[in-house]
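Only one structure is covered here, and it is reproduced in the block below.
The values are calculated or read from the model by the stated rules, or taken from the named source; none is laboratory data. Keep in mind it's a predicted model, so treat the numbers as computed, not measured. Please note: Cβ atoms are built from the backbone with ideal geometry, for glycine as well, and neighbour counts cover all protein chains shown. Note: areas computed on protein heavy atoms with side chains; ligands, DNA, RNA excluded. Shrake-Rupley method; radii C 1.70, N 1.55, O 1.52, S 1.80 Å.
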Amino acid sequence: YAPPSDRFDDPLLASLESTETMELLLKIIFGLELTNEEDSNETPKEVQCPPCSVISNGISIILALLETRTAVTCFNTQINDVQEFGAEFNSQNNSSEMSSEDAAKQKATLNAILDGIVPWLPKFTDLLVNPPALAPMNTTAGLLDPPLGLTRLHVAKLICALLGTNNQVINSTLR
């Protein structure tokens, strides 16, 4: 069993949470052409709208990273021993085991993830307004054109999770 200070030093998780990986994931989600390191001065070109599964699965990865980090940082910053939603589900979050150094690492990682997402927020909100094409759906309440769809549902979940972090930059950008 690893000591509490070593629990969050996972190289695979660290590479997944890195800014470069988040940037790559967001480029894939929005269907931007991936360029080589040498051509990084050019702006990425949109190739085509990726399939809904690419968008929703990419957002699921971001949600998993946000959920873990938010639960850990919220659990450690509780006031009067009132438990926050989701914090009690992670077995490694016992406040007696979590040092202030670990909490600072978690907070820094969460902020790095959020900083990587902020420039892409207009594209996420555009996905809500202009979702990938879906066939109109007849319901008993009338015609849904366009229907909600999996893409819009995942984007709404992501925006809800981002607002749940209570980050000032996210809140002001989504205003």
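Of all residue pairs spaced 6 or more apart or on separate chains, those with beta-carbon atoms under 8 Å, a first member in segment 144-161 that is on the phi > 0 side of the Ramachandran plot and a second member that is part of a loop (DSSP other than H, G, I, E, B) are G149/P131; G149/P132; G149/L134.
Exactly one of these conditions fails for V72: (1) open to solvent by 20 Å² or more (accessible area, probe 1.4 Å); (2) at pLDDT below 90; (3) among the β-branched types (V, I, T). Give me its number. Of everything listed in (1) open to solvent by 20 Å² or more (accessible area, probe 1.4 Å); (2) at pLDDT below 90; (3) among the β-branched types (V, I, T), V72 misses just condition (1).
Every residue, every condition in (1) within 24 Å of I170 (Cβ to Cβ); (2) of a type in the set (A, V, I, L, M); (3) modelled with pLDDT of 55 or more, yes or no:
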| residue | (1), (2), (3) |
| --- | --- |
| C52 | no, no, yes |
| A64 | yes, yes, yes |
| Q78 | yes, no, no |
| Q83 | yes, no, no |
| A103 | yes, yes, yes |
| N111 | yes, no, yes |
| D115 | yes, no, yes |
| F124 | yes, no, yes |
| T140 | no, no, yes |
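Filtered by the rule that a residue be buried (at least 16 other Cβ atoms within 10 Å of the Cβ) and in a loop (DSSP other than H, G, I, E, B), segment 47-63 gives C49, P50.
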